[in-house]
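Working notes, beginning with the structure itself.
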Amino acid sequence: METRKSFNSGRAVVIGGSIAGLLAGRVLINYFDYEEIYMSMLEGTPWLLAHKSMLQVNKPFKVSLYGNDYVLWKDDLGNINALPNACPHMGAMLSEGWCEARADKTSVVVCPFHALEFDGEGCTVLPGSKKKTLPQLEPLELIIQGDFIWSYGNHEPKQSIPNILNEIGAEYEFVGHTADTSVETDLLSMLLNMHDYNHQNGTHRPMFQIQEVNFHKFIDNGYHSHTFYDMPTKVVSLKEKISNPTLFFVPKVIKAHLENYFPSLVIFHGNVDIGKFAQVHIFIPESLTRTRTYALLFGLSKNPIFNLMKNSFLDSVKTVVEQDSDILRKIYPNTPQKIRLNNEVGMDWVRRNFENYPQIVEPNLSKLSHESPQPPLISYGVHTSSYPSYISSLCP
Ligand code: FES
Ligand SMILES: [Fe+2]
């Protein structure tokens, strides 16, 4: 039976050609295919587990990746350690314990249950013995680039680490991290939300008083892409500005330039009168059904007020992430998408890359304008995908 793939609300369906004909276009969902494609965590990707500033010295910090929990800790020398979080004695969470510093300024993590100490290699010293054991835990491999803590989750790398954060770190001042949030959603749903250019005036409307989104350009370079759009904002009263000080710096038109690194980063490059900033959104598949996101903010001041506003900017970013997380919790994930809006090219880009990972395939989705009278018929690599005809009929 011939099969072809189509996309519904971020979910894959397989349409059996002949059966679809018999059922006059009714869409059949093959749940095995759904599992295979959409319940993927894109193993082989480098994920940014944390910025060093997120770890306090000698304080355990829990992270999750691919369904496994780990404990990270930073010692006095700035070294980062990472071990599986389950104590090999009786399974207590090491992240609930504490750290002990050693004379050489390295440190160990101490289990909260029976106080066994583990060094960064996973070795311990048993009570009554003065001898270090062999490693009892396999450390999580980390790649540290300056303040950035990356990991492939001990999987074989399929993608190199993007250099963009090193470039931003060299050019900008680090403002801070915010909004470390674990959302009950799969990785794909999170990515679709973050590459959906139509949700600004819905999900984020209360924050910036955005009225509409005028899409300009999408530049597709495989796993790297740029998006440009403008967002006119509502004129707000002084009272509204006082209750939300960020509005003092929101221009009449927000000119957005997003730089996307599939699948782990989205960078919002922003310019305001008093400076410019790079707002980096990070995504990490904690498990098949939980995805973590947080943001790092970098700024370049043109005016002393910019420095005074740093906390306010961070608060705004936090609110943005909370709004995204909130809507992700309020979506029925299996709803068939009967309507396609303009400017869903970012989501097309996510789906194309997600489905074919780690291969980069045609079509190239670069476009100069959003003026598309019909949703495009898109061929994704070896598969042929199309939007069902009822979708076309509902589109302008
Ligand atoms: S469970 Fe960790 S020391 Fe016993
Ligand atoms: Fe958003």
Cα centroid separation, region 77-94 to region 104-151 (Å): 6 Å
statement: Residue separation between Met90 and Lys131 times 0.36 nm, minus their alpha-carbon distance, gives in nm 12.7 nm
query: Taking the Cα centre of region 47-199 as origin and charging only Cβ (+1 Lys, Arg; -1 Asp, Glu), how large is the dipole, in debye to the nearest 20?
result: 580 debye
field: Rg/Rh for region 225-312, where both radii come from Cα atoms and Rh is the Kirkwood radius
entry: 1.03
- request: Using Cα pairs closer than 8 Å and at least 6 residues apart in sequence, work out the relative contact order for region 164-328, in percent.
  value: 31 percent
- request: Provide the convex hull volume over Cα atoms per residue for region 164-328, in Å³.
  value: 109 Å³
Size of electric dipole in region 164-328: Cβ of Lys, Arg +1 and of Asp, Glu -1, about Cα centre, debye, nearest 20: 580 debye
Label-zone membership for region 88-116, site Asn68, 7 angstrom Cα→C-beta point, backbone N under 19 Å: 88-96, 109
task: Compute log10 of I(q)/I(0) for region 111-221 with the Debye formula, placing one identical point scatterer on every Cα and leaving out solvent, at q = 0.13, 0.15, 0.21, 0.24 Å⁻¹, to two decimals.
output: -0.90, -1.07, -1.33, -1.32
- request: Under 16 Å from a label point 7 Å along Cα→Cβ of Glu121: give me every residue in region 132-147 with its amide N that close.
  value: 132-141
query: For the pair Leu308 and Ile339, how long in nm is the line joining their label points, each one 7 Å along Cα→Cβ?
result: 4.4 nm
- prompt: Taking the Cα centre of each part, how many Å lie between region 219-248 and region 312-349?
  reply: 15 Å
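Could you please rank Ser237, Ser53, Ser64, placing first whichever residue has the fewest other Cβ atoms within 10 Å of its Cβ? Don't skip to the end; give the middle numbers.
Working: Ser237 9, Ser53 12, Ser64 18.
Ascending Cβ contact count within 10 Å gives the list Ser237, Ser53, Ser64.
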- prompt: Over region 51-151, how many percent of alpha carbon pairs lie in each 10 Å bin up to the one with the longest distance?
  reply: 16, 53, 27, 4, 0
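Any read-out appearing in this document is the output of simple, stated calculations on the displayed coordinates, not a laboratory observation. Nothing here was measured: the structure is a model prediction, and the numbers come from that model. Glycine also receives a Cβ, built like all others from the backbone with ideal geometry; neighbour counts cover every protein chain displayed.
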